[in-house]
Structures are given as C-alpha cells and as structure tokens.
1. I'd like the antiparallel share, as a percent to the nearest 5, of DSSP beta bridges with both residues in segment A:163-294.
2. Nothing charged except the Cβ atoms of Lys and Arg (+1) and of Asp and Glu (-1): what's the magnitude of the dipole of the protein assembly as shown about its Cα centre? Round to the nearest 20 debye.
3. Counting only DSSP beta bridges with both residues in chain A, tell me the antiparallel percent, nearest 5.
4. If you take every DSSP beta bridge whose two residues both sit in segment A:125-225, what share of them, in percent to the nearest 5, is antiparallel?
5. What's log10 of I(q)/I(0) for the protein assembly as shown at q = 0.07, 0.11, 0.12 Å⁻¹, Debye sum over Cα points only, no solvent?
6. Which three numbers, in whole Å and largest first, are the semi-axes of the equivalent ellipsoid of segment A:1-116 derived from its Cα gyration tensor as √(5λ)?
7. Return the loop-located chymotrypsin sites (Phe, Trp or Tyr not before Pro) in segment B:116-208 (DSSP other than H, G, I, E, B) with at most 13 other Cβ atoms within 10 Å of their own Cβ; answer none if there are none.
8. What is the helix-to-structure angle for A:143-153, meaning the angle in degrees between its Cα long axis and the longest Cα principal axis of chain A, kept from 0 to 90 and rounded to the nearest 10?
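Throughout, read-outs are computed from the coordinates displayed, never taken from laboratory work. Since the model is a prediction, treat every value here as computed from it, not as a measurement. As a convention, Cβ positions derive from the backbone with ideal geometry for all residues, glycine included, and neighbour counts pool all protein chains shown.
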Amino acid sequence: MAGLSEGMCPGLDEVLLRSLRAADVKTVEDLVSSDIEELARKCSVSYKALFAIRRVLLAQHTAFPVSGADLYEELLSSTAIISTGNPSLDKVLDSGLYTGEITELSGGPGSGKSQVCFGVAVHISYQLKQSVIFIDTTGGLTARRLLQMLQTETSNTEEQMEALQRIHIFRLFDVYSLLDCLHSLRSGRLQQASVGGGSVKAVIVDSVSAVIAPLLGGKQNEGMSLMIQVAGTLKTMAKDFNVAALVTNHVTRSGSGEVQPGLGVSWSHIPRTRVLLEQVEKALVSQSTLRSATLIKSSRQPCHIKEVFDLQWWSRSKEGSSGKRKLDETDS
Amino acid sequence: MTESGAQLFARLEARRCLKDIEPRLFPEDGGPNHGEVVELYGTEGTGKTELLYHLLCRCVLPVATGGLEVDVVFVDTDYSLDMLRLVSILDSRLNAGRPTGSSAASSDEAALRSCLSRLLVVHCSSSSQLLLTLHFLETSLSSRPGLALLLIDSISAFYWLDRCEGGASIAKQEEKLSKCAELLGRLLRDYRITVFATCHAIRRSYSEPSSASTSECDRPYLCRRWQRLVSHRLLCSKQESANNMAASAGGSKEQRRQQVFTVHCTSSSSSRTKAHRSSSFYVTDGGVEFI
C-alpha cells in the first residue's frame, strides 16, 4: 500500500496532492482504480495530465511481465544444483538442493536435521568453496562441531580456517529478529558476505518452526501472517540471489496417527521439496547413526522415495584410515 | 474512456473460446466459456499445480501437436512456477506429436521457444501489487487479441497477510481481494477472457471424505465477491492408492505406487443448473495422464 507523496512522479505536486486527498484518493491503488475523467473534473486538473500520472505510477509500481522464453533462458543460466555431500540424500533430492527454491527437512527430535544442516554447510564451504549463511534459532550450532567435521576433510589448519570463515552464522531466537535478519541480507549483507571467498550459495535456517510455532494457534492471525512473511522473504531472496534455501521443521502426529511435518496446512504449500527424516527402526545398535529420508513433496520426482543414509557420512575419515569415528556427545 | 478503433476491434474480436480445453475434467459440454472463472481447490500435494501445467501446455502448444495456440498470462503470487518442470512437459508433448526420427535438435528448440513466447509470467508479492498488475495487464489485453487465458497461482497466497493487516474488521480484511475480484470481473466482461486460479486449502480434513458432500475443509473461505465470480470449482484430492499390482507383474523389483489423484468438478454458471463430474489422473514424467 504505497501512499501518494509529492515528487513521486513528474506532475504530482503539492497542490494536486491536496486536491486528490480531498477527493479521498490517498494511495497509489486508489488513484489507479478510480475513474480518471471524474477525478479530473473533481480536482479541476486536465484529464491528460492525470492520465499521464496514472501511467507513470502504474509503470513504477507493477511487476513487469516477462516472456516465458526469456524466463527459461535466465533460469537455465542461473539455476544450480548444490550437492548435499551425501549421495543417498542427493538421490532423494533429485541430485541436490536447487537454487531459487526452499527445501524443507522435517523430523522428530534426534532425527538428525541439524546434523544434516551442518554437513551441508561444511560440504559447501569446503568442497565447493562457496559461502553459506547459517541462521541458528535453536542454539544447537557450535563451531567446534563444524571444525570436527572439517578436520576429517583435511588436516591443513589453514584450509580449515578458510572453510570456517565462509560459513556466516546468525543466532536469533524470535521471529522479528529473523525477519530483520532476512531483510538486511536482502538489502546488502548477502553481497557483503560474498566478498573475499565465493558467492553465497545457500541459506540454512535451523529451525524455522522454533520461532514460528509458538505464535500459531489461538484466534490471532498475526502468527500466520508472520509465517507467510518469512516464507515470502526467503523465497524472494532465494530467487533474486540464486541461493538454495534449506529450512528445518518439527513434526506432529496427524489425526490418523501418522507423522507429518509441523506448522500446518498453510506452510505445506511453501517449500518446493519436503523430506522427512526418521530413525531407522530395525537398528541393531541402540545408538545407530542411520537415518531414513523420505520424499514427501516434490515437483520433479514421484513421492515416497526412501533412502537410508548415515549421519556420520559428513564426518567420516576420508584419508584412508580404517575404523569408524564415534560421534562425540554435543557440548553442553 | 475513449479507445481507438484498433483497441475496440481487439476487445470485441472473439478470443479463442476455451470450452474444449479439457473435456475430461468438466461435465458434458460444460467447459469454461468466455468470461468464466475456474477455481482449483485442494490441500498440498493433490496435483493442482500439475493440472495447471497440463492446461497451460494445452494452450500454448501448436495446433499440430494437439494444442490451442493461444497466449497465456501466468500470475505467480508465491514463486511456485517451476519452469524446468513445465519445459519438460512441453518437450515430451512436442516429441510425442512428432513422427520419430524426423527432425533435428534445432527445430525442437525453435518449437519450444515459440511455445514459451506465448507465455507471459508476472510475479506479485502482495495483494496491492496484484491489483496494480491487473490494471497494468489491461493494456496487454487490449493489445494482444490472442490472449485468452489468465492463470493465477495462487489467489489465496495473501490471505493471511490481508487478514492480519485488516485488523478486527472483516470488511477491511477482505477489501484488497474484493477489489481484485471486482477488477477481474470487469476484465472478464470487457475482454471475454477465461481465468483459472488455484486456491490452497487452509484446513485439513480429519474425516473420511465422502464422494458427493463437501466437508468442512472444502468450503470456500475467500471473500464473497470472488466466490460469486467462480463458475466452476475443481476440488482436487489424493486417493489413498493401493499398491499397483499391475506394475509389479512379472516380479519386477520396482513396485511403483502410482499415486492417483481425483478431481471433482462442480459447475454452476448462470445458464445451466449445477452439474458434477469426477475424474482421476496420475502424474508421469510427461505430465498428467487421465484414467
């Protein structure tokens, strides 16, 4: 809702503005929707001048239509598929995270969502040498864990430090700071983060439900509106800057008892791809690190593809030594 | 408002009627006529977007491959248009229509480009921008007589944003969408285009869906002005599919569970009494396949 103000376009001066306000035309929408002939008569201004102003305002404020062919060309040249580093997970995601889209990982507690996010961040910053923005809303991210994962990739401390520097971390715990952070990223910080070492290729929000779920329910609409605003900002950022957005979500039980992602029906339309992580039932060892990823929403692949993967994949020893590494307990 | 002779001609000249856009979806001779609005309603994962791509492809493909060759405007309100998926469907339809082994890659490219050039995509990020964009599209409508279809995906994207902005009064909450619906109504009358819009469900159904009755969650919730515009309502839902035994005939390892989607169409335009039709389809790599 843009209000009319002086100098917005040539011809819109103080006098005209006052007479428009007297005729109850206060915003751009009012001006564009009203009958120009009648308005010109009421404000005693020439029809031609008012028509010209309307045309300029319309051109300034509307979204410009793009031909399908141009859009396709642009997409072909700018869309990238970012591997998660784990081939089984990549298979579920149709070869990886697509830029310009939101991908959602949902799962219960201990299902490995945060570990997957860390693994993806480390893979992008070390293997692909690109920057990552990590927004942590649960407090579960520690630099020590990231360093641990990097130490299995390389033993060169300089490379480890470089890779760690490419991961930009934001810690926030409520939805307003999340919106602020996303807005500031859109208006310049994303470019700043790209300076000195690879452009930003992914924005990871772990987890988006932690800040939104407390606001939902009850009779207030503000929670739903904030959720849609977060979604809109993330999507626009993903599209405009060609980054892949990865968000995590909790799970709830549906009426029939099966597990489904949280945040309700209105959120379910937002991510383009949704994956559900679960513990593998028939694990022989009680502390198994195997998880299953099921595709529950995708525009490219048939749903319910399931793959089992190992959470330790991102911290496996890659330099040829034998024996499995034990996952350390997370620091308190 | 004065208009030139050319604009008048472009406005009154018959735009392509889309009655036969998909006879398997609509009741007997009940496809969307000039100036009618079709609403596709359903929860997530019920095939609405796939149906939209199917109808879009039918419109932009050349007549030789089974299309209607009309221009389409796609208003994208929640960045849900997946161009890569759309192009793969177009590709498979173009290839299916061509005899094997006849053409080179360049004519494929050219055919694809000409199809895509009939599509205009606009992104809107708020209902005010949607209103202004519809005003702007009026000029496109008057200059392109080949433009017969307006696709909106989705009309309910700003529902929660508007409700919160409107505060306590319902009239204020619905004001913006009402204005958009009013403008759409005028465009439909003046330019005789057809509109298809998707509407996301906001409530999940917890009960067993029965075939003919509309349950609590399928009731329309957008403003009254929009509901009055809608003449055909397509209720999309997912069928709980049994394991497709035919696919595993011969003991193949891959047991494909073909997810079947059902669409229930309710037509209630002024000239006819209410008519119903149910159809089912599943989704393949080449798009929607009706059963």
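1. Counting only bridges with both partners in segment A:163-294, antiparallel ones make up about 65 percent.
2. Using Cβ point charges on Lys, Arg, Asp and Glu, the protein assembly as shown gives about 760 debye.
3. 40
4. Of those bridges, close to 0 percent are antiparallel.
5. So the normalised log intensities work out to -0.49, -1.18, -1.37.
6. Working from the Cα gyration tensor, I get semi-axes of 52, 18, 10 Å.
7. B:Tyr206
8. 60
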